[in-house]
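Reading through the structure tokens given below for one structure.
All of the numbers you see were taken from the coordinates with simple rules; none came from a lab. As the structure is a prediction and not an experimental result, all values here were calculated from the model. A quick note on method: Cβ atoms are made from the backbone with ideal geometry, for glycine too, and the neighbour counts reach across all protein chains shown.
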Protein chains: 2
Amino acid sequence: MAVPVESFFLTPGATGTLQQQIRQMVTEGILSGRLRPGDRMPSSRGLANHLGISRITVTLAYTDLVASDYLTSRGRSGYFVSSEAPTAPELEVPARGAGQGYDYDRITGRRWSRLARVARPEDWQRYPYPFIYGQADATLFDHQNWRACALRALGKRDFEALTSDYYDSDDPLLIEYILRNILPRRGIAARPGEVLLTLGAQNALWLAAQVLLGPGRRAVVENPGYTSLRGILEQADGTVVPVDVDDAGLPPEALPQAADVVFVTPSHHCPTNATMPLARRQALLAAARERDFVIVEDDYEFEMSFLRTVSPSLKSLDAEGRVIYIGSFSKSLFPGLRLGYLVGPESFIREARALRADVLRHPPGHVQRTAAYFLSLGHYDAMINRMKAAYRRRRTVMEEAIAEHGLTVAGQGGFGGSSFWMRAPDHVDTGELALRLRAKGVLIEPGQVFFAREGAPRNYYRLAYSSIPQGRIPDGIRLIAEGIAATGHKPVA
Amino acid sequence: MAVPVESFFLTPGATGTLQQQIRQMVTEGILSGRLRPGDRMPSSRGLANHLGISRITVTLAYTDLVASDYLTSRGRSGYFVSSEAPTAPELEVPARGAGQGYDYDRITGRRWSRLARVARPEDWQRYPYPFIYGQADATLFDHQNWRACALRALGKRDFEALTSDYYDSDDPLLIEYILRNILPRRGIAARPGEVLLTLGAQNALWLAAQVLLGPGRRAVVENPGYTSLRGILEQADGTVVPVDVDDAGLPPEALPQAADVVFVTPSHHCPTNATMPLARRQALLAAARERDFVIVEDDYEFEMSFLRTVSPSLKSLDAEGRVIYIGSFSKSLFPGLRLGYLVGPESFIREARALRADVLRHPPGHVQRTAAYFLSLGHYDAMINRMKAAYRRRRTVMEEAIAEHGLTVAGQGGFGGSSFWMRAPDHVDTGELALRLRAKGVLIEPGQVFFAREGAPRNYYRLAYSSIPQGRIPDGIRLIAEGIAATGHKPVA
């Protein structure tokens with residue numbers, strides 16, 4: 001059969017080069033069984049005319065398809081679907097729907113899906129005023145060098161790093177760089193057996209909770225605190241005790257007498273941005289010794305300390321090995337990378353490593369090796385330098401606009417970071433406010449999800465400046481102030 | 001200070017271009033504080049002479065370092081460390097070791113690290129006869145097109161797919177391809193809400209076990225069976241019942257009366273390669289209805305059916321939604337990719353999705369998008385076609401060598417696959433045999449870890465042909481036969 005030229009068409013808005021699009025049309029036709037071995041393809045001239053593209057593009061696509069056995073060339077007779085072409089296996093059984101008869105809710109009790117999460121539209125990039133937290137900014141990310149490093153990590157020399165099943169191991173290049181260059185900045189000296197790579201800080205927190213908690217054990221969390229930690233702890237089968245923070249973070253004197261694991265964000269408290277002073281850190285460590293608990297330190301965002309020199313980590317004060325440290329590249333590189341790490345004594349890391357191997361084995365090798373190159377070539381530090389400068393400028397604009405419109409900052413942090421923790425007047429429900437502002441193109445993050453369920457106030461919200469262009473900040477803040485004013489009261493000055 | 005040219009040296013065996021190595025030396029010097037703002041760099045001529053490389057290489061490296069703010073150029077005066085150069089923060093607290101004082105074993109009970117795993121040296125590539133299972137073969141992998149697809153996925157158009165925090169979502173391009181092109185080959189029709197991407201099949205099994213099992217629930221596993229599944233089930237807080245398989249896989253009539261979840265590998269039983277016949281599949285589904293259990297189908301390696309057309313999946317016979325289906329790209333692409341998927345009714349997928357979000361959020365975006373391109377451009381099918389042809393040839397050589405040396409095949413599978421399940425004479429401990437063979441450059445996989453602990457025989461082993469070059473097979477098999485003969489008995493013919 002001669003394949004009719006009319007069966008080919010370019011899809012408007014399709015991505016990829018024209019050559020790739022032709023390749024895709026042909027391979028899909030063959031794999032779906034529509035084109036069969038021996039079928040004659042349209043001539044390259046005919047197909048080019050039909051699609052209104054250059055003949056060389058079609059010829060290159062055909063040549064490529066010959067190389068991968070989809071087509072064969074028979075000299076002047078033209079191109080044919082190869083008898084060796086890949087096929088999708090034919091099945092004797094008709095395809096059926098994934099039936100819905102069985103009631104899974106009966107088994108699962110909807111255990112996992114019932115938790116609250118930060119609400120954010122998926123298409124947040126289309127909003128003009130996205131005061132949202134934790135996504136990469138295309139104008140600050142060093143895309144070109146990331147690409148170059150990724151390409152290098154795809155080379156023949158790195159074939160094993162790309163393709164191997166590492167089981168419970170990690171890329172030694174990345175581990176070495178973290179040990180030699182990242183941890184020393186946080187005052188931490190560690191050996192290879194004391195570090196484990198994770199699928200982001202989320203995964204690190206989850207692993208730590210699973211290893212350290214269990215039935216009858218008590219976890220202390222900050223209130224307000226990191227929302228996702230709540231879901232993680234509900235899985236870890238223990239009791240969760242929220243402790244209210246003040247403007248210096250978690251007060252050690254407020255800890256319950258019986259605690260097994262204390263989760264804390266001393267560098268920048270999430271979400272209030274408070275930094276825990278040295279005296280309080282020492283008191284926390286003293287309490288850990290006296291009452292025999294361990295501490296999980298989530299050191300997210302320490303890289304974004306642009307106002308003052310970052311304070312060293314809590315872990316750097318820990319002589320006994322009671323602190324498990326968590327770092328992440330989500331804020332300093334990008335969250336879609338899914339790369340973080342745990343640091344702790346070998347007896348802890350060994351367990352976390354074995355658990356990680358059961359749950360997911362290891363972060364993909366290519367991701368690890370690309371990060372190792374990007375770090376070791378200095379691109380990472382150069383980029384953070386640029387991000388800090390941009391954040392410093394945006395923060396100044398934020399402060400001015402917030403002051404001008406009389407909004408109230410509840411927590412801003414002394415070191416930098418990427419957000420302000422805000423308080424609206426008591427009567428304002430920021431969940432409703434956020435929905436009304438969204439209609440005007442403004443995205444804010446309602447604060448209720450950061451609090452423990454009982455007695456959660458509804459009038460807090462977070463404004464991040466990591467994804468909003470500097471020039472949009474003043475108008476965005478004005479719209480927020482107008483939105484609050486429209487609730488019937490003046491914003492508290 | 002003028003930076004002495006002698007402080008630079010090329011490390012023998014370093015990877016990366018000379019330009020990258022210079023960049024790395026300079027950035028590490030600056031970040032470590034050894035080079036300080038205002039320090040004058042050696043002239044490009046001087047450094048080039050010192051290192052014995054071309055001057056243009058040094059100039060290009062310097063220019064690049066100026067662009068990223070590490071150096072500044074002051075015209076004829078030369079290059080200086082920039083006052084804007086990235087710095088590693090200085091800490092007032094001396095770095096301390098990750099203390100070992102606290103006893104984590106007391107908390108963890110070494111719960112996770114005590115499980116048996118398949119033993120395999122990390123440097124298996126250096127052995128001449130690696131009959132090991134499940135690693136990518138550089139001679140078969142389509143590295144060039146993978147690279148091209150990865151590069152495309154690193155482009156500006158795909159910035160969001162690369163960098164975004166997807167939370168509990170997946171790349172819609174990859175999901176669509178799986179729905180339209182992969183699942184129909186297994187006889188499965190599914191909607192987007194019925195598929196979830198996972199960090200490989202390991203992660204898919206883990207998620208399914210967590211969602212479906214719990215205290216008081218009973219899991220049935222094949223004996224022998226997939227080793228890693230045992231670790232996964234020990235975490236899921238239920239009872240595990242091993243059921244002995246025969247040469248047609250799991251016999252439904254041998255199932256215990258009370259079962260909640262049955263884990264099964266019907267296409268190629270792991271490790272015996274048995275394929276479950278249609279009548280037995282129907283009996284298994286009938287039993288699931290009668291006794292009210294669900295089935296988790298691990299459909300690993302279905303792509304490698306080169307002897308006969310692959311049988312459709314068990315899931316394709318499931319009208320009620322009682323089968324949860326697991327697919328993986330580890331064997332057909334490479335295991336370091338860490339990409340697999342779960343298919344099941346929406347009420348199940350919703351829970352698995354929420355759990356995955358808590359544990360790790362999502363597989364890295366770049367990995368998902370690269371796979372989507374590689375699949376949709378037809379490279380995947382072309383490569384599998386080549387792999388199947390190579391495996392078929394290797395398998396023939398294996399069969400001939402095994403017959404010639406009188407080794408005993410315990411399970412080889414009728415559809416293909418990538419390994420033989422072997423039985424040594426009863427007195428042979430294949431764990432000890434593997435150690436002795438390793439000293440001769442031969443890697444085999446002792447079979448004991450595939451069996452339930454009680455009564456595990458020691459005389460089975462697995463020989464895979466997915467990573468050994470065809471020409472090495474005959475000598476490798478001969479060495480195995482000699483190794484068995486040296487245990488004092490002739491191999492059983």
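Summarise the long-distance tail of P(r) for chain A by giving the % of C-alpha pairs beyond 44 Å.
Numbers: 36178 of 121278 pairs.
Result: 30 percent of Cα pairs exceed 44 Å.
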- Message: Distance cut-off 22 Å, Cα to Cα: go down the list B:Lys331/B:Lys388; A:Lys331/B:Lys331; B:Lys315/B:Lys388; A:Lys331/A:Lys388 and report the pairs above it.
- Response: A:Lys331/B:Lys331; B:Lys315/B:Lys388
- Given H placed on each backbone N at 1.01 Å, which residues far from B:Leu333 in sequence or on other chains put an amide H within less than 5 Å of it? none
- Item | Cα lying deepest toward the dipole's positive end in chain B, options B:Asn49, B:Gly231, B:Tyr133, charges on Cβ | B:Asn49
- Quick one: putting +1 on the C-beta of Lys and Arg, -1 on the C-beta of Asp and Glu, what dipole do you get for segment A:267-412 around its Cα centre, in Debye to the nearest 20? 340 debye
- Amide hydrogen neighbours beyond the local backbone of B:Ile324, cut-off 5 Å, H modeled: B:Ile295, B:Val296, B:Glu297
- Query: Dipole magnitude of the protein assembly as shown about its Cα centre, charges +1 at Lys/Arg Cβ and -1 at Asp/Glu Cβ only, in debye to the nearest 20?
  - Reply: 2120 debye
- Task: Using the Karplus curve 6.51 cos²θ - 1.76 cosθ + 1.60 with θ = phi - 60°, work out ³J(HN,Hα) for each residue of segment A:224-229 in order, rounded to whole Hz, and write x for Gly and Pro.
- Result: x, x, 5, 4, 5, 4
- What residues qualify as long-range amide H neighbours of B:Phe415, i.e. H under 5 Å apart, gap of 5 or more or another chain, H built at 1.01 Å from N? none
- Query: Using alpha-carbon pairs under 8 Å, 6+ residues apart, how would you state the relative contact order of segment A:414-493 in percent?
  - Reply: 37 percent
- Task: Pairs of Cα atoms under 8 Å, at least six residues apart: use those to get the relative contact order of chain A, whole percent.
- Result: 18 percent
- Item | Alpha-carbon radius of gyration plus Dmax, which is the widest Cα pair, for the protein assembly as shown in Å | 29.7, 94
- Task: Round to the nearest 10 and give me the degree value, 0 to 90, for the angle of helix A:379-404's Cα axis relative to the longest principal axis of chain A.
- Result: 60 degrees
- Message: Between helix A:473-485 and chain A, what is the angle of the helix's C-alpha long axis to the longest principal axis, kept within 0 to 90° and rounded to the nearest 10?
- Response: 60 degrees
- Message: Test of understanding: extend the Cα→C-beta vector of A:Arg74 to 7 Å, then name every residue of segment A:16-43 with backbone N under 15 Å from that spot.
- Response: A:36-43
- With charges only on Cβ, +1 for K and R and -1 for D and E, what is the dipole size of segment B:348-493 about its Cα centre, in debye, rounded to 20? 520 debye
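Which trypsin sites (Lys or Arg not before Pro) does segment B:267-365 hold that lie in a coil by DSSP with at most 12 other beta carbons within 10 Å? If you can, show how the numbers build up before the last one.
Numbers: sites: B:Arg280, B:Arg281, B:Arg289, B:Arg291, B:Arg308, B:Lys315, B:Arg322, B:Lys331, B:Arg338, B:Arg350, B:Arg353, B:Arg356, B:Arg361; in loops: B:Arg308, B:Arg322, B:Lys331, B:Arg338, B:Arg361.
For trypsin sites (Lys or Arg not before Pro) across segment B:267-365 that sit outside H, G, I, E and B with at most 12 neighbouring Cβ atoms in 10 Å, the list reads B:Arg308.
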- Message: Give me a comma-separated list of calculated 3J(HN,Hα) values for segment A:271-282, in order, Karplus coefficients 6.51, -1.76, 1.60 applied at θ = phi - 60°, integers in Hz, x for any Gly or Pro.
- Response: x, 7, 6, 5, 10, 6, x, 4, 4, 5, 4, 5
- Would you kindly derive the ³J(HN,Hα) couplings of segment B:35-50 from the backbone phi angles with the Karplus curve 6.51 cos²θ - 1.76 cosθ + 1.60 (θ = phi - 60°), listing them in order in whole Hz, with x for Gly and Pro? 9, 10, x, x, 4, 8, 6, x, 5, 4, 5, x, 5, 4, 4, 4
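Helix-only estimate, please: 222 nm mean residue ellipticity of the protein assembly as shown, summing -39500 (n - 2.57) across DSSP H runs of length 4 or more and dividing by its residues, to the nearest 500. Before the final figure, lay out the partial values.
On the way: 30 runs with 341 residues, N = 986.
My calculation for the protein assembly as shown gives -10500 deg cm²/dmol from helical runs alone.
Grab the Cα-Cα distance for B:Glu404 and B:Phe9, subtract it from 0.36 nm times how many residues apart they are, and report the gain in nm with one decimal. Don't skip to the answer; put the middle values down first.
Working: separation 395, 0.36 × 395 = 142.20 nm, distance 5.61 nm.
This chain segment gains 136.6 nm when fully extended.
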- Query: Where a ≥ b ≥ c are the square roots of the eigenvalues of the C-alpha gyration tensor, would you call segment A:350-392 rounded, which needs a/c under 1.5, or, failing that, prolate if a/b is larger than b/c, or oblate?
  - Reply: prolate
- Query: Within straight cross-link reach of A:Lys440, meaning Cα distance under 18 Å, which aspartates and glutamates are found once same-chain residues fewer than 8 apart are removed?
  - Reply: A:Glu122, A:Asp123, A:Asp429, A:Glu432, A:Asp475, A:Glu482
- Taking the simple approach of a point 7 Å from Cα along Cα-to-Cβ for both A:Val241 and B:Ala319, what is their distance in nm? 5.7 nm
